[in-house]
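First up is the structure itself, then whatever we jot down about it.
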Amino acid sequence: MAVWNLLYVYPQSLNFANRQGSARNITVKVQFMYGEDPSNAMPVIFGKSSCPEFSKEAYTAVVYHNRSPDFHEEIKIKLPATLTDHHHLLFTFYHVSCQQKQNTPLETPVGYTWIPMLQNGRLKTGQFCLPVSLEKPPQAYSVLSPEVPLPGMKWVDNHKGVFNVEVVAVSSLHTQDPYLDKFFALVHALDEHMFPVRIGDMRIMENNLENELKSSISALSSSQLEPVVRFLHLLLDKLILLVVRPPVIAGQIVNLGQASFEAMASIINRLHKNLDGNQDQHGRNSLLASYIYYVFRLPNTYPNSPSPGPGGLGGSVHYATMARSAVRPASLNLNRSRSLSNSNPDISGTPTSPDDEVRSIIGSKATDRSCNRMSSHTETSSFLQTLTGRLPTKKLFHEELALQWVVCSGSVREAALQQAWFFFELMVKSMVHHLYFADKLDASRKNRFPERFMDDVTALVSTIASDIISRFQKDTEMVERLNTSLAFFLNDLLSIMDRGFVFGLIKTCYKQVSSKMYTLTNPSNLASLRLDFLRIICSHEHYVTLNLPCSLLTPPASPSPSVSSATSQSSGFSTNVQDQKIANMFELSVPFRQQHYLAGLVLTELAVILDPDAEGLFGLHKKVINMVHNLLSSHDSDPRYADPQVKARVAMLYLPLIGVIMETVPQLYDFTESHNQRGRPSCVAVDDYESEGGSMISQTVAMAIAGTSVPQLTRPSSFLLTSSSGRQHSTFSAESSRSLLICLLWVLKNADESVLQKWFTDLSVLQLNRLLDLLYLCVSCFEYKGKKVFERMNSLTFKKSKDMRAKLEEAILGSIGARQEMVRRSRGQLERSPSGSAFGSQENLRWRKDMTHWRQNTEKLDKSRAEIEHEALIDGNLATEANLIILDTLEIVVQTVSVTESKESILGGVLKVLLHSMACNQSALYLQHCFATQRALVSKFPELLFEEETEQCADLCLRLLRHCSSSISTIRSHASASLYLLMRQNFEIGNNFARVKMQVTMSLSSLVGTSQNFNEEFLRRSLKTILTYAEEDLELRETTFPDQVQDLVFNLHMILSDTVKMKEHQEDPEMLIDLMYRIAKGYQNSPDLRLTWLQNMAGKHSERSNHAESAQCLVHSAALVAEYLSMLEDRKYLPVGCVTFQNISSNVLEESAVSDDVVSPDEEGICSGKYFTEAGLVGLLEQAAASFSMAGMYEAVNEVYKVLIPIHEANRDAKKLSTIHGKLQEAFSKIVHQDGKRMFGTYFRVGFYGTKFGDLDEQEFVYKEPAITKLAEISHRLEGFYGERFGEDVLEVIKDSNPVDKCKLDPNKAYIQITYVEPYFDTYEMKDRITYFDKNYNLRRFMYCTPFTLDGRAHGELHEQFKRKTILTTSHAFPYIKTRINVIHKEEIILTPIEVAIEDMQKKTQELAFATHQDPADPKMLQMVLQGSVGTTVNQGPLEVAQVFLGEIPNDPKLFRHHNKLRLCFKDFTKRCEDALRKNKSLIGPDQKEYQRELERNYHRLKESLQPLINRKIPQLYKAVLPVTCHRDSFSRMSLRKMDI
């Protein structure tokens, strides 16, 4: 520590206004004197630049012609270390002459004054206003103050204060505080035995000393903070000295323990409050911490010890601290800094010495049974008997401290609680010093400390625990600190006291907290504190040894569990465990928790908090999981446990963890959802989890939380893990679930295989299935994500938002208030929030320093390429490691169950996990082992795949095929071998491998249809390998097997060829679907494969948002399934076959299984897929209903549900029926609301002409396009696509819709003709097609019109204008399973000019009628139609039509009827015009009256002109009516028709 002792003098002002004589240009000379003689000036004044370093005097600047000058100088003086009463500051005032006269000096002294430096032994500083003497001071003036009127001296201004000066000391020797001065003076007097003591004006005699000493100790709290900080270490040393060595005053021992303790508590609290910015991450004041670590040592209380140092503290012990000794003595490790004593010894700091470390671990000593590094060093001494009574004047500080703390009360106790960490650490250091100096480190732990001290510690811990539970809601922050301090204290005690005793203390705390938790409705805050407490205790460097990992689960031999000796650490790990009751090792049973005390507490805590019924503890999941995760991480990286046998022993401490995690399966985050698979496996339904009686945690375990072994308190069942099945599970976060699963895998990896196998034998089928569910989840959780994911995460500020979310959750959950949040933030203590992440908390550093490295990486938002690569590498390694552990565990499960009876249900689960792992991204290394396991499983249990788990067989084929197309040759060879052996196995069972053949073909079809990055070339290589295997298989050469394999491979090659075509047409959606349609049609006799392709098509349609077509594919699939199901099982409520689906679509009948070559559904390998079941049918129909709903075809949804409802009714499934009726209500509501606003599709006829189109040449299709597609849009799309394919100069679009003459076309070009078509219905059809849906569903006929004249022009005069109506019929009805359908029939109707006129007038009349009766009325629309009907300007308007066709009666009797029909049309037309005018009149405003009048005038004019034409009848038509009319269809007969097929 640097020593400084400086004095600063600031002359301020002088007032010589009343002084007689010449004194105007004034300067002040300042000197520091050690006597009165002028030569006694000391060279202690710091010189200015370019002057000597020290000088004897300093001058102020001269102020010209001013009798009352102000000064602005600072004079810095180096004070001597020892001051006497004669040291003083002398000020001499000079008048400086501006003009030098002869024989007179330049400077004339005009006054003197001084300040004595010591006053009653204290340095005199402050502000002074001094009188100035006109003459030199007399002898011996320095001991007096100038304020004292010395006789016979002359003073300026009658002895008034005229000179202002300030003196400031900056000194580490002078306290400058009266209270501190008094205390130090009294203590010094006691040390030196100098009485009486003078303090200021007081003389203190020995008989009064005790009272004065006590009052000075209590007055220390009034002293100023700055000197207290500066003299803190000395002050604390003196107070401790008074406690340890009570002074003897007047023959009496004076006990100052209580007073000193109070003073210490008060001082420490003041420092904390006022220096709150000066704290480390644990909230400890760094000044106090450094005192404990570097300064404090036990006052030397033994008379024959080495000579005492200054102040009676410490001998010449070689004290090992980082600050004072570079070389650590091998015999001592007393540095209690957190970085060493409280963290894993192998991670931070330097061990005492390698030899000692090795010796202490191997255990060369038998005396001390501890493995603790601190207490197993080489020490020699005898044990000083201080057990029965305190030796006079020689107390032990830790004993006195514990006693005073226990007995104190009120504000003192409060102050001590506030800064409990200080007293705890002081006590621990004192205990360690005592053991070292008294040579007790080799003594038995039980005899190290007297019973009375242990009682005091017990009382202290107990009262502090009760403080925590009584105040945790009021003083959250203080209680957190207290809880942490207590935990660190107990952690330290484990290193130096009897472990059984310390465990007793831990149990006391636990018991108190648990009793309180039972009474709370929301115990999360208290539980959080208890977690922190436990976490810190478990961070002990010998945590594993403290848990007695070497001993068997039998009652301990000694009454208090003490740790086995160091010798047993190596040998004990191999202890035989065969004779134990296995179940006890895997449950939190009483024997387990007695034997492995701390591990038992940790796992019980985990079990209780993860219990879904534990009310109010949900916010602590992350914290408790991280605690276990960090513990396992520290074991894993600890070199002491690197040996596999040793690790197995450590893992044994955590075996119950497997059971605890199995209980939480329903709550774990579902990692499988991100997969395309169907989510988590349904080996066990959620309800089954809860109904399982043999829960992993028993009532006794739950009670153990209260520290009792038998249930004494009644507790609601929320602490048990069994409960009613109607429970709502709160799901853990992905991060927590991942940490929990990592813990599970660590235990499974390191636990003894034989122990696991024995336990698996004892488990029920349900529990084993639950374990398999966990492993399934692990596969998804640790799947390798790839570099791209890391890069994407890097680009988002992912970490930041997650942290903010966590904090928000904390605030919402109420575990941390906004005010405390703010206070913590200001102190940098955020990481210690109660439900915060244990990963982020600084206390973790006691476990492992390098645990936090990955965390710091994620804090940086922008990572370098190398960092991302490294992260991806680690992720890949973790994925491989995790999956290999899962594979090992599956092997153990298989070995276990292969000898039991329940193997079927379990093996299915094993296979499911295995297949799931094959489906995920895996490393080549893992896949090789995985395929080996799969082959072994299939060869051991062939009937499993081929008879029971048929769905799994399909899955396996798909996985193997996918890996057969891998780009890595080793994976291909393994997958090929597996697939070949699968076929062989299937063949050996029944001389036929139809099942595998079917599944492989289906799988390939499915892969081809769905997989984007499927490599056909690699698969062909794999198929060649399989063929080679079959040809060279000598055993089966004589059988039909090789031929069957060849057959299969040929089929697969065919599918691959289709794939190549599909790839070619990837950009042409219509062609692609046509190709898939063709492939599906090819499988008409293979229902499984047809179903696969129909589903592939449904998927493709969905991708392109063709929901109606997707729905049709699903309806066809359902019809196909129904057809075969009705053959398999006759159930009345199931659809009879595809006939049932006719109402949904008329196309469905093509799924009928009626042809001669239809296969029987009960043949081997036929209809074996999961869809050929009742559940499969229901699933397909539900998907179809959803697709129809998305397409807006709600009427079809109703038809689908008509098929579904009987099935659910038969199964009495009210829940499903309720859902269906809800959806039906929704569908019908939408029909009502969307009336008039629905649009389904637009249709176009597309004709292809030209050899370049290949198969498409001269083909005509009707294309269905999205609603409101314009002709230009489809034209642009097709022109763009085919133009790119053939070249823009080759493709030509035919603009008209006339028949195409092939001969006139250029053979080197490709032609497309696109025409807009409308649905066409015969008159009789219109009766049934009422709604918009009816008119746009099940469409097979379409029409388009082409105007022409006989001379070849398109348009001509009215009397020569003909029209051609072309009616197209398609092969299937729209909507179908594809969006374009072939035209199979074409019919043309040619209308004569008069028929064209009739059609036009009918259309006009309809428009008028519609506009008139529209509701609500639309005046604009009405006026527009009226204007077109009665306006005079209309060219070829109604009047002209009438004049052309009705002007004369036709000569041709065939046209009589047309003439008459047109006449009646006009009659109707004029009537409609009149109605429209009347309606318009009621709608218009006053501004349109003139317009209305104009319309009426035009109408009357029109009516008058038409009147004679309308009234002229053809007499021939009005002859007597014959009794029988031969033909009613004369209209159709008289029309000129041309048929074209």
| remark: By residue number, the members of the stretch 14-51 that are free of Cβ contacts under 8 Å to residues at least 40 places away in the same chain and farther than 19 Å from S133 by Cβ are S39, M42, P43, V44, I45, F46, G47, K48, S49, S50, C51
| Residues satisfying the stated conditions in the stretch 99-127, i.e. open to solvent by less than 90 Å² (accessible area, probe 1.4 Å) and polar (S, T, N, Q) | T104, T108, T113, N120, T125
| query | Residue check: is S1229 in a helix (DSSP H, G or I) and closer than 30 Å to A954 by Cα? | reply | no
| task | Assess whether L1256 counts as being open to solvent by less than 30 Å² (accessible area, probe 1.4 Å) and touching a residue at least 60 places away in the same chain (Cβ under 8 Å). | result | no
| remark: Being over 20 Å from Y510 (Cβ atoms) and either without any contact (Cβ under 8 Å) to a residue 60 or more places away in the chain or surrounded by fewer than 24 Cβ atoms within 10 Å (Cβ to Cβ) (or both) narrows A614, A642, A599 down to just A642
| message | If I filter the stretch 1194-1215 for residues that are surrounded by fewer than 14 Cβ atoms within 10 Å (Cβ to Cβ), touching a residue at least 40 places away in the same chain (Cβ under 8 Å), among the aliphatic types (A, V, I, L, M) and closer than 30 Å to L1134 by Cα, do I get at least one hit? | response | yes
| field | K1489 vs. criteria modelled with pLDDT of 90 or more and surrounded by fewer than 14 Cβ atoms within 10 Å (Cβ to Cβ) | value | no
| task | Mind listing just one residue for me: the one in the stretch 530-541 that is surrounded by 22 or more Cβ atoms within 10 Å (Cβ to Cβ) and touching a Leu at 6+ places or on another chain (Cβ under 9 Å) and, of those, farthest from F618 (Cα to Cα)? | result | H540
| remark: Of the residues in the stretch 1-24, those that are open to solvent by 10 Å² or more (accessible area, probe 1.4 Å) and within 20 Å of V162 (Cβ to Cβ) number 11
| remark: All-but-one check, N1308 against (1) buried (at least 16 other Cβ atoms within 10 Å of the Cβ); (2) more than 60 Å from the chain's Cα centre (by Cα), failing number (1)
| query | Right, L1089: in contact with a helix residue (DSSP H, G or I) (Cβ under 7 Å, 6 or more places away or on another chain) and either open to solvent by 20 Å² or more (accessible area, probe 1.4 Å) or not in a helix (DSSP H, G or I) (or both) or not? | reply | no
| said: Restricting to the stretch 1377-1422, give me the number of residues that are in contact with a His (Cβ under 9 Å, 6 or more places away or on another chain) and under 30 Å from E1109 (Cβ atoms). | reply: 5
| message | Between V1121, V1148, which is surrounded by 14 or more Cβ atoms within 10 Å (Cβ to Cβ), under 45 Å from the mean Cα position of the chain (by Cα) and touching a residue at least 24 places away in the same chain (Cβ under 8 Å)? | response | V1121
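For every residue, the table says whether it meets (1) among the aromatic types (F, W, Y); (2) in contact with a His (Cβ under 6 Å, 6 or more places away or on another chain); (3) modelled with pLDDT under 85; (4) open to solvent by 30 Å² or more (accessible area, probe 1.4 Å).
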| site | (1), (2), (3), (4) |
| --- | --- |
| R1472 | no, no, no, yes |
| R1478 | no, no, no, yes |
| L1483 | no, no, no, yes |
| E1496 | no, no, no, yes |
| I1510 | no, no, yes, no |
| L1517 | no, no, yes, yes |
| task | Give the residues of the stretch 1058-1084 that are open to solvent by less than 50 Å² (accessible area, probe 1.4 Å) and not aliphatic (A, V, I, L, M), sorted by residue number. | result | D1058, T1059, H1065, D1068, P1069, E1070, D1074, Y1077, Y1083
| field | Qualifying residues in the stretch 652-674 (those that are among the aromatic types (F, W, Y) and farther than 23 Å from H596 by Cα) - the one most open to solvent (accessible area, probe 1.4 Å) | value | Y669
| query | If you check E943, E904, E947, E951, which single one turns out to be among the acidic types (D, E), surrounded by fewer than 22 Cβ atoms within 10 Å (Cβ to Cβ) and either within 36 Å of the chain's Cα centre (by Cα) or under 21 Å from N877 (Cβ atoms) (or both)? | reply | E951
| Do the conditions hold for L1134, that is, is it within 47 Å of the chain's Cα centre (by Cα) and either under 15 Å from E1174 (Cα atoms) or at pLDDT below 90 (or both)? | yes
| message | Suppose the filter is buried (at least 23 other Cβ atoms within 10 Å of the Cβ), in a helix (DSSP H, G or I) and in contact (Cβ under 8 Å) with a residue 24 or more places away in the chain; does L490 pass it? | response | no
| query | Say we look at the stretch 135-147 and pick out the residues that are without any contact (Cβ under 8 Å) to a residue 60 or more places away in the chain and either touching an Asp or Glu at 6+ places or on another chain (Cβ under 7 Å) or open to solvent by less than 60 Å² (accessible area, probe 1.4 Å) (or both); which of these is farthest from H95 (Cα to Cα)? | reply | V143
| message | Looking only at the stretch 996-1037, filter to residues that are at pLDDT below 85 and among the small types (G, A, S); which one of those is surrounded by the most Cβ atoms within 10 Å (Cβ to Cβ)? | response | S1005
| message | Scan the stretch 1385-1393 and tell me whether some residue there is modelled with pLDDT under 85 and outside any helix (DSSP H, G or I). | response | no
| said: Taking the criterion of being at pLDDT 85 or above and under 19 Å from E1395 (Cα atoms), would at least one residue in the stretch 1447-1458 satisfy it? | reply: yes
| field | Members of the stretch 256-303 that are open to solvent by 20 Å² or more (accessible area, probe 1.4 Å), among the hydrophobic types (A, V, I, L, M, F, W, C) and touching a strand residue (DSSP E or B) at 6+ places or on another chain (Cβ under 9 Å) | value | L275
| request: Working only within the stretch 1317-1347, note down all residues that are open to solvent by 20 Å² or more (accessible area, probe 1.4 Å) and among the hydroxyl-bearing types (S, T, Y). | output: Y1320, T1323, Y1324, T1331, Y1332
| Single unsatisfied condition, H974 versus (1) at pLDDT 85 or above; (2) of a type outside the set (D, E, K, R); (3) surrounded by fewer than 21 Cβ atoms within 10 Å (Cβ to Cβ) | (3)
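The values are calculated or read from the model by the stated rules, or taken from the named source; none is laboratory data. Just so you know, these numbers come straight off a predicted model, no measurement behind them. Methodologically, a virtual Cβ is constructed for each residue, glycine included, from the backbone with ideal geometry; neighbour enumeration extends over all protein chains shown. Surface accessibility is based on the protein's heavy atoms, side chains included, excluding ligands, DNA and RNA. Shrake-Rupley method; radii C 1.70, N 1.55, O 1.52, S 1.80 Å.
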